Amino acid sequence: MPGVSDLHSIGELARASGLTVSALRFYDSAGVLEPALVDPVTGYRWYTNEQIAPARLVAGLRRIGMPVPEIAAAVRAEPAAVHRLLDTHLRRLVDGLADARREVTRLRALVDPAQPATTTLLLTPADLAAAVDAVRFAVGADPELPMLSGVLLDVESDGVRLVATDRYRLALARAGADVDGPPVRVFVPVDLVDQLRPLLDAADAWPVRLTVAGADLRVAVAGRTLTGSALSYDFPDYRRLLRKAVGERPAARRIPVDVAALRAALADPAAPTVAREHDGEALAVTVLGVDDQGGLRLLPAADLGTDALRVGVNGGYLLDALDAAGAPQLVLELDGPVAPLAVRRPDDADTYSVLMPIRL
């Protein structure tokens, strides 16, 4: 136990760390930074020299807006783990800044709607075709959910991210582009996407010119020009969905799979499935698990109680995701029966899909 002369009062620690006294009291009550000694009579908090550096770390993490649970983890973690927490939070901040910029652009248009900003992209036909193929299968087809009946183009400073979802699956891909104009999000109707797709195969070396001016869309490719209007619906916040559904999952099991072999196993009439009711309809659920060698296996109903790492999915949706990925080798990411299944390309971190689990 350090002597009283070796201890610092809460006011002294506040001055040394940059935290206020009230903030130190809060982090004590939250279990983040507890004093070395609390006087049982006066209730005064006392801290050691060794607690000054953690307090300064807390102050810095607080300034950049890191959530309290992550601050608590950082104070107790090794340097490598702290760097990972910082990387995760930085990505969160970058996503938030991109969202804020797009919202500012939208607000400017509301304030002065007479002159919408114009953004023009130049893309290679092959890159855009690959991105469309990677997400088209996930476009919503329910007439009662028109806000899902298209492909979101999320234009950034150096490219465009394509996103589609029908609530049960979410697909993302990215294509590099020369961008002239502000970042913009535009929700393209699926009919326009389907008109464009065959033209990309015929474009050869011709670049694709995509122009967005408010809700007006113009695509020039292979000597043809397509025009249309963006859908007026607010597409779901896919970044929030991804953070909630996938995010940083250190416990997830990443299993390499041969696509041809997995397709054959799923298409086999004898492939094991589990009967469940989903959205009021009977459904044969494909259950994925891990074998003794760490490979993927399809679980029969009899093995559900013995394999903790399992996830139930719509087998047809999984086949669609395998085909859309367009790669002979993929990585499936399993994280238990209530977590979504991620289908990733090992060579492209920007192209992947997420399948919602079916309760087993």
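The values are calculated or read from the model by the stated rules, or taken from the named source; none is laboratory data. Model, not experiment: these values are computed from the prediction. All Cβ positions, even for glycine, are placed from backbone atoms using ideal geometry, and neighbour counts span all protein chains on display. Only protein heavy atoms, including side chains, enter the accessible area calculation; ligands, DNA and RNA are left aside. Shrake-Rupley method; radii C 1.70, N 1.55, O 1.52, S 1.80 Å.
Tabulated data
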item: Average accessible area per residue (Å²) across the chain - probe 1.4 Å, nucleic acids and ligands excluded; result: 52 Å²
item: Full-stretch length increase - residue 227, residue 97 - with 0.36 nm per residue and alpha-carbon distance subtracted; result: 43.7 nm
item: Computed helical MRE - 222 nm, the chain, DSSP H runs ≥ 4 contributing -39500 (n - 2.57), nearest 500; result: -10500 deg cm²/dmol
item: Unit charges at the beta carbon, dipole of the chain: most positive-side option, 23, 338, 304; result: 23
item: Packing-based order for 128-139, 264-275, using average beta carbon neighbours within 10 Å, highest first; result: 128-139, 264-275
item: Integer Hz, Karplus 6.51/-1.76/1.60 couplings in order for region 11-16, x for Gly and Pro; result: x, 5, 5, 4, 5, 6
item: Long-range amide H partners of residue 358 with built H, under 5 Å; result: 312, 313
item: Evaluated over the chain, the Cα radius of gyration and Dmax, each in Å; result: 25.9, 85
item: Unit charges on C-beta of K, R, D, E only; dipole of the chain, Debye; result: 800 debye
item: Cα-Cα P(r), region 42-144, percent of pairs per 10 Å interval; result: 11, 21, 22, 22, 16, 6, 3, 0
item: Hz values of 3J(HN,Hα) by residue in region 261-266 - Karplus curve (6.51, -1.76, 1.60), Gly and Pro given as x; result: 5, 5, 4, 5, 5, 5
item: Share of Cα-Cα pairs in region 114-153 lying beyond 16 Å, as whole percent; result: 55 percent
item: Accessible surface of the chain [probe 1.4 Å, protein heavy atoms]: carbon and sulfur percent; result: 54 percent
item: Where labels lie 7 Å past Cα in the beta-carbon direction, separation of residue 118 and residue 156 in nm; result: 2.6 nm
item: Point-to-point label distance, residue 253-residue 78, nm (Cα→Cβ direction, 7 Å offset); result: 2.5 nm
item: Nearest 10 degrees, 0 to 90: helix 52-63 Cα axis against the chain principal axis; result: 40 degrees
item: Contour excess over end-to-end distance, with Cα ends at residue 302 and residue 197 and 0.36 nm allotted per residue; result: 33.3 nm
item: Under the Karplus curve 6.51 cos²θ - 1.76 cosθ + 1.60, θ = phi - 60°, whole-Hz ³J(HN,Hα) for region 131-141, x wherever Gly or Pro sits; result: 5, 4, 4, 6, 10, 4, 5, 9, 5, x, 10
item: Theoretical FRET efficiency, 1/(1+(r/R0)^6), r = Cβ-Cβ of residue 327 and residue 90, R0 30 Å, to 0.05; result: 0.55
item: Per-pair calculated FRET efficiency, R0 = 25 Å: residue 147 and residue 281 via Cβ, rounded to 0.05; result: 0.65
item: Estimated inter-spin distance, residue 41 and residue 350, nm [label 7 Å along Cα→Cβ]; result: 6.7 nm
item: Backbone N within region 76-94 under 18 Å of label point (7 Å from residue 50 Cα along the Cβ vector); result: 76-79
item: Length gained when the stretch residue 64-residue 12 is fully extended (0.36 nm per residue, less Cα-Cα span); result: 16.4 nm
